[in-house]
Structure formats: C-alpha cells, structure tokens
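The values are calculated or read from the model by the stated rules, or taken from the named source; none is laboratory data. The structure presented is a predicted model; accordingly, all values stated were derived computationally and were not measured. So basically every Cβ, Gly included, is an ideal-geometry build from the backbone, and we count neighbours across all protein chains shown.
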Amino acid sequence: MSSCRKCENSTCKGSCIKGKSFDEIKKKAEFLEQIWNRLKEELRPPEAEFTFLYRNEYAPLIGTICDERVKTEYAWRFPEWLNSKLGGITLEKIIELGEKGVREYLEEYFKNKWPNRMKKKDREDYLDSISRYIVEAMNFLKKRGVTPITMFENREYKATEVYFMLRQFNGIGPKKAKMITKYFLFTSMDILKNYPWFNQIKAKNPEFKVLGVIMPPIDVHVVKVFCRIFGEDLRKRNWNKAKNDPDLIQDIEAFSQLAFPDIPMIIDEIFWNIGRKYCDEEKPKCQECPLNKICDVYKKI
C-alpha cells in the first residue's frame, strides 16, 4: 500500500514521508534542534526523582525490568516499596523469595495501579514474566559474582558495549537497553545532571563514562509523533504493530541522524516526552504541543 492512511488495521507498509521533499524534511529536523535546546534544560527522567534508586545497587535494575506496560512512575517506585516490605533488598533475599514470592509482592503492589485498559490476562502475564525476569537477573549476577554496579569497570565504554552488556539480562529488551544507554550517555556528557544507575557506578568508578553513537529506541510514542508531524493522523492505527515496521524504523533512524548526527538518540527523548504530554492516541493536545509548527496533522485542523 502506498499510504499509511490506508492500512490503519494492519502493520504499516507505507511511508509517512512519501511525497515530502528533502527541504521539507530538513526544516522539521532543524526545528527539532531548536526544541531540544529548550527541552534539555528541563530533562529529568521520572526515575531520577526517586532517591531510593540512588542508594540501593539492585533498585535501578529492578525498576528497569518493571518498566513495561505499566505507568513508568509506578514501576520505578516498586523497588523502594519492596525494600520496606523485605527490610532491605539484597540479591540473596530476592533469590530466596523465588519467582512465586516476587510475584506475590508485585501483585500486592500493583493491585490498584494497573492501567485502565489492561486486561486481566495481560496483568497475569506481566506478573509471571516480570517476577521471572527479576529472579533470573539475580541468579545471573550471582553466577558472575557481580552487582548491577560492579559489572561495570573503571573505564570509558562505547555506547554499543553498554547496550550489549544490558541485553544480557532477560527482561531488558532492545528498547530498555537503549533507554538506559541513552541516559548513561547523556549523564556522561553533562546533558543530564543525575541518573541513579549511572551515579552509583560513577561513585565506585570515577573514570566510568559512556560515549559514542547508537540509534534511538523505537516505541509507540516515537512512531506516533513521527507519523503525525509528517501528516498521518491514524488515531485508529495499531501503534504497537506500526513500531515494528522495517521501513518506518529505517525512516525514523535516518531522520534522527539528520536532526542530530552526533547523538541520534535525542530524537527519542523529544518524541517520548511529546508523546506522553501532548500527543495522546485519541485526544492529542495539538494547540499546546511545542511541535505544532512543524506538525502536518495540526496544519490540517
């Protein structure tokens, strides 16, 4: 199909940039650079707000594993809640609990925190998989005789190296690995002032830093905002399917390199924040959105 608008009920096989001149695309990229200069001053991921994540060496890893399909803030608060229940989070305590014990705590914690549209089956799947991932992560660390902090040495790392180190954990897929790598990179470059996992590593290893280039993670917010600024409204589209479309992924990656050749991952930070705050799937706040000047959907309203 030649247009994304024609495939709302299937995986997108078209391209949102078809018919767009390079000058049009470049102007959008240049505008994003201006937006970033303002946004980076306010950059503070939700997890950076929770002081407990700076104090316990297992908390950032557990929060990362929990951060899927549920509200981000709830995922990152779970480690502190669990700590209060256990009287401290240690590798030994988690392994002793086992998958069943961790699942019971997860179920208790998320009892009144599930997303409204999350079906019971999906809740059960979340509890099963996340409890398994947490316990497997602890066993992985025990086997290697390290912690989430000491697994990193006192030296400079390439972004791709950190990415593959994080991918060793079940429960950390490409998106999460890139997200953590991004914040390690941002903190190393002083774009971000503090990040829990990075700060703990840096406290033990003063020479630790992450540099280099890696492509941005592609999630529903990135796909949604990208498609809309190029004119595809698609409020009935299955965004979860669209984010896996190879053509769309390559277009987004190329656009991220055009806008931010040195740090393509910046595009994820912009689109993720815009997607959460303004670009709702059903009721986008177009008039308030900082990107409405380059949004082709907004221009049609």
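Key figures for this structure:
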{"item": "Failed criterion for R167 (all others in (1) touching a residue at least 12 places away in the same chain (Cβ under 8 Å); (2) of a type outside the set (G, A, S); (3) within 30 Å of P264 (Cβ to Cβ) hold)", "result": "(1)"}
{"item": "Flag for K178 being of a type in the set (D, E, K, R), under 22 Å from E136 (Cβ atoms) and modelled with pLDDT of 95 or more", "result": "yes"}
{"item": "Residue check, L192 of a type outside the set (G, A, S) and assigned to a loop (DSSP other than H, G, I, E, B)", "result": "yes"}
{"item": "Extreme residue, surrounded by the fewest Cβ atoms within 10 Å (Cβ to Cβ), among residues of the stretch 117-129 that are in a loop (DSSP other than H, G, I, E, B) and either among the hydrophobic types (A, V, I, L, M, F, W, C) or more than 21 Å from the chain's Cα centre (by Cα) (or both)", "result": "K119"}
{"item": "Subset of the stretch 258-297 [part of a helix (DSSP H, G or I) and without any contact (Cβ under 8 Å) to a residue 40 or more places away in the chain]", "result": "K277"}
{"item": "Identity of the residue in the stretch 158-197, closer than 25 Å to V135 by Cβ and charged (D, E, K, R), that ends up surrounded by the fewest Cβ atoms within 10 Å (Cβ to Cβ)", "result": "R167"}
{"item": "Some residue of the stretch 84-95 being assigned to a loop (DSSP other than H, G, I, E, B), crowded, with 16+ Cβ neighbours inside 10 Å, of a type outside the set (S, T, Y) and modelled with pLDDT of 95 or more", "result": "yes"}
{"item": "Cβ pairs under 6 Å, 6+ apart, first in the stretch 55-67 and closer than 17 Å to P174 by Cβ, second modelled with pLDDT under 95 and part of a loop (DSSP other than H, G, I, E, B)", "result": "I65/G171"}
{"item": "Lone unmet requirement of (1) in the same structural domain as R38 (by TED's automatic domain parsing); (2) touching a Pro at 6+ places or on another chain (Cβ under 8 Å) for W197", "result": "(1)"}
{"item": "N170 being at pLDDT below 95, over 20 Å from L39 (Cα atoms) and not assigned by TED's automatic domain parsing to the domain that holds L127", "result": "yes"}
{"item": "Tally of residues being loosely packed, with under 15 Cβ neighbours inside 10 Å and closer than 24 Å to P264 by Cα across the stretch 144-157", "result": "2"}
